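The values are calculated or read from the model by the stated rules, or taken from the named source; none is laboratory data. Since this is a predicted model, take the numbers as computed values, not measurements. Positions of Cβ are backbone-derived with ideal geometry, glycine not excepted, and every protein chain shown enters the neighbour counts. What goes into the accessible areas is simple: the full protein's heavy atoms, side chains included, and nothing from ligands, DNA or RNA. Shrake-Rupley method; radii C 1.70, N 1.55, O 1.52, S 1.80 Å.
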2 protein chains.
Amino acid sequence: MKIHGTRTAGNPVRVAIFLAEKGIEVPFVPVDLTRGAHKEPAFLAKNPAAEVPVLELDDGTCISETIAICRYFERLKPSPALMGIDALDEVIVEMWQRRVEFGLYDPARHVVRHSLPFAAALEPVQIREWAELNRPRVLRAFEILDQQLAKQPFIAGPRFTVADITAFFAMGVTKSIDLAIPGGCRHLTRWRSEVSRRPSVAGVLGSAP
Amino acid sequence: MKIHGTRTAGNPVRVAIFLAEKGIEVPFVPVDLTRGAHKEPAFLAKNPAAEVPVLELDDGTCISETIAICRYFERLKPSPALMGIDALDEVIVEMWQRRVEFGLYDPARHVVRHSLPFAAALEPVQIREWAELNRPRVLRAFEILDQQLAKQPFIAGPRFTVADITAFFAMGVTKSIDLAIPGGCRHLTRWRSEVSRRPSVAGVLGSAP
C-alpha cells in the first residue's frame, strides 16, 4: 500500500502522526499541489474531491478522507488505540475529533484560504470579510479546548487520541494567521507543549514548534 | 436517554432517520433555536458548540455531533448495519459520509446561511459573495454523487447507509436555495426518489418530497 500526499504538508501530516503512534510504516508519494497534480484525471480517479491524502491499497482500492484512513489503520492495528478503547470511548473520541474539525480547524482553514497571499490560488476568489468572520470562531474554539484540558490531560480524556492529532495540526494552522493562544488558556498551552514533544509529532514535523 | 433537538428540523432529522432504520425509539426534546435556547448556559453545559442534536444518556453523559450519536446507536444495536458490515466497509462508508458532508452539505449550508433572509440571525453578517462562491460546489457534488450512483444502488455501495442519510438530508437543504439536480444527473434523481419512499424517511419527514 501507499499514501498519496506529501508527508510533511497539510492533512497527510495527520495520517503520518497517526501511523507513527501506531508504529506502522507506509510510503508517502508526494503530490505537488502547487502544480495542480491533484486536479489531473489520474488523481481524480483516486479521489474525485481532489484532495490529499489518499490511501491506495495493493488491490487498487483508494480510501480518501483523513479520518477514514486513520480508521483503516485503527482496525488493522488496534493497539495503541487512538480512536477509543471501547464503544462509549469511541463515540466520545469521535465527538471531540469532530468538534475540533468543525470548531477549530475549519474556521482556521477559511482564514488562511481567504486572507493569506500564498493561498490565493486555492480559491476562486479571496473574500476578506469571510476570513474576518472566522477569526473569532478560532478564539472561541481555543477557550472550549482550554476548558476541556483543565479537566483531563488530553482532549478526549486520559489518553492521546486522534482528536489530539487533529487539534495539534489545526493549532499549527492558526500560527500562520497570527492567532496565538490567549494568555489565559494555560491548559491549552500546557497540552500543546506536551504534544509537541511526543516522538510521533517531533518525528514527523521536526523539532518541537 | 433522550435527544435534545427538534426531531423534524435540522441535523436531528439525520438521527431520527437513523433510529427509524434501526427500529429504536428515543424521545426528542424540542430546542427552540429561534429563541436562542441553544445558547443558554444550561444547553452550553451539554454542548459548548451550541448545536443540536445532543444525546443525553441516563447517567447525564452528553454526546453531541450527529455522526458520533449515530455511532453510539450503531454499537448499541448493530443490525441493520448503517455504518459498514466489516472493517473495510466501515471505512468506505465513513469516506463517503465525509465526502457528502464536506462536498455537498457544507457548501449548501453556507449558501443558506449567507443568502436566505430567515438565516440572517444565524451569522454575524451575511456575505453574499461567500454564498455565491459555494453554489457551484453544490453542483459539483451532485455530479460526483451521480457518477457514484451510476455504479451502485446507494452512495457507499450495495446497502443503504448513514452516507445516504446525510446526502438525502443535504439534498433537502439544496432545495431551499433553488439548486435543483441537473437534468443529466438521472442516477441521483433515481436514488433520491427511492430514498424518499423508505419508511424511515417518509415517517420522519412526512410524505415523499
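Across the stretch A:69-89, which residue is least open to solvent (accessible area, probe 1.4 Å) among those that are under 21 Å from B:SER64 (Cβ atoms) and facing chain B (nearest Cβ under 7 Å)?
Per the stated criteria, the residue is A:ARG71.
Of everything in the stretch B:109-127 that's over 14 Å from B:SER176 (Cα atoms) and assigned to a helix (DSSP H, G or I), which residue is nearest to the other protein chains (Cβ to nearest Cβ)? Let's see the steps before the verdict.
Of the stretch B:109-127, the ones over 14 Å from B:SER176 (Cα atoms) are B:120-127.
From what is left, the residues that are assigned to a helix (DSSP H, G or I) are B:120-122.
On the way: B:ALA120: 14, B:ALA121: 15, B:LEU122: 12 Å.
My answer is B:LEU122.
Those residues that are among the small types (Gly, Ala, Ser), closer than 16 Å to B:ARG99 by Cβ and assigned to a helix (DSSP H, G or I), I need them from the stretch B:156-202; list them, please. Show your work before the answer.
Just the residues of the stretch B:156-202 that are among the small types (Gly, Ala, Ser), to begin with: B:156-157, B:163, B:167, B:170, B:172, B:176, B:180, B:183-184, B:193, B:196, B:200, B:202.
Checking the rest, the ones that are also closer than 16 Å to B:ARG99 by Cβ come to B:156-157, B:163, B:167, B:170.
Of everything in the stretch B:156-202, those that are among the small types (Gly, Ala, Ser), closer than 16 Å to B:ARG99 by Cβ and assigned to a helix (DSSP H, G or I) turn out to be B:ALA163, B:ALA167, B:ALA170.
Does the stretch A:41-86 hold any residues that are under 18 Å from A:PRO12 (Cβ atoms) and among the acidic types (Asp, Glu), and which are they?
Passing the criteria: A:GLU51, A:GLU56, A:GLU65, A:GLU74.
Would you confirm, using the coordinates I've provided, whether A:ARG186 is more than 14 Å from chain B (Cβ to nearest Cβ) and either under 26 Å from A:ALA20 (Cα atoms) or of a type in the set (Lys, Arg) (or both)? Explain how you work it out, then say what you get.
On the way: more than 14 Å from chain B (Cβ to nearest Cβ): yes; either under 26 Å from A:ALA20 (Cα atoms) or of a type in the set (Lys, Arg) (or both): yes.
Criteria met by A:ARG186.
Tell me yes or no: at least one residue of the stretch A:59-77 is more than 19 Å from B:LEU88 (Cα to Cα) and touching a residue at least 24 places away in the same chain (Cβ under 8 Å). Can you show your working first?
The initial filter retains those residues of the stretch A:59-77 that are more than 19 Å from B:LEU88 (Cα to Cα), namely none.
Among the residues of the stretch A:59-77, not one is more than 19 Å from B:LEU88 (Cα to Cα) and touching a residue at least 24 places away in the same chain (Cβ under 8 Å), which makes the answer no.
Residues B:GLY203, B:GLY184: which one is among the small types (Gly, Ala, Ser) and at pLDDT 95 or above? So that I can check it myself, show each step before the final result.
Numbers: B:GLY184 fails: at pLDDT 95 or above.
On inspection, the qualifying residue turns out to be B:GLY203.
Check the stretch B:94-107 and report whether any residue there is of a type in the set (S, T, N, Q), surrounded by 13 or more Cβ atoms within 10 Å (Cβ to Cβ) and more than 10 Å from chain A (Cβ to nearest Cβ).
no
Which ones in the stretch B:150-167 are without any contact (Cβ under 8 Å) to a residue 60 or more places away in the chain, hydrophobic (A, V, I, L, M, F, W, C) and surrounded by 22 or more Cβ atoms within 10 Å (Cβ to Cβ)? Give the derivation first.
Narrowing the stretch B:150-167 to residues without any contact (Cβ under 8 Å) to a residue 60 or more places away in the chain: B:150-155, B:158, B:164.
When the remaining residues are screened for being hydrophobic (A, V, I, L, M, F, W, C), the result is B:150, B:154-155.
The one that is without any contact (Cβ under 8 Å) to a residue 60 or more places away in the chain, hydrophobic (A, V, I, L, M, F, W, C) and surrounded by 22 or more Cβ atoms within 10 Å (Cβ to Cβ): B:ILE155.
Does A:PRO12 qualify as being open to solvent by 20 Å² or more (accessible area, probe 1.4 Å) and either more than 10 Å from every other protein chain (Cβ to nearest Cβ) or without any contact (Cβ under 8 Å) to a residue 40 or more places away in the chain (or both)?
Numbers: open to solvent by 20 Å² or more (accessible area, probe 1.4 Å): no; either more than 10 Å from every other protein chain (Cβ to nearest Cβ) or without any contact (Cβ under 8 Å) to a residue 40 or more places away in the chain (or both): yes.
When the stated conditions are applied, A:PRO12 does not pass them.
Mind listing whichever residues of the stretch A:108-141 are over 18 Å from A:PHE169 (Cα atoms), open to solvent by less than 40 Å² (accessible area, probe 1.4 Å), modelled with pLDDT of 95 or more and not aliphatic (A, V, I, L, M)?
Residues satisfying the conditions are A:HIS114, A:SER115, A:TRP130.
Please specify each residue of the stretch B:46-66 satisfying the condition of being surrounded by fewer than 22 Cβ atoms within 10 Å (Cβ to Cβ) and out of contact with any Cys (no Cβ under 8 Å at 6 or more places or on another chain).
Scanning the stretch B:46-66 gives B:PRO48, B:ALA49, B:ALA50, B:GLU51, B:LEU57, B:ASP58, B:ASP59, B:GLY60, B:THR61, B:CYS62.
Say whether the condition of being modelled with pLDDT under 95 and not small (Gly, Ala, Ser) is met by at least one residue in the stretch B:62-70. If you could, list the steps in order and put the result at the bottom.
Applying the first criterion (modelled with pLDDT under 95) to the stretch B:62-70 yields none.
Checking the stretch B:62-70: not a single residue is modelled with pLDDT under 95 and not small (Gly, Ala, Ser).
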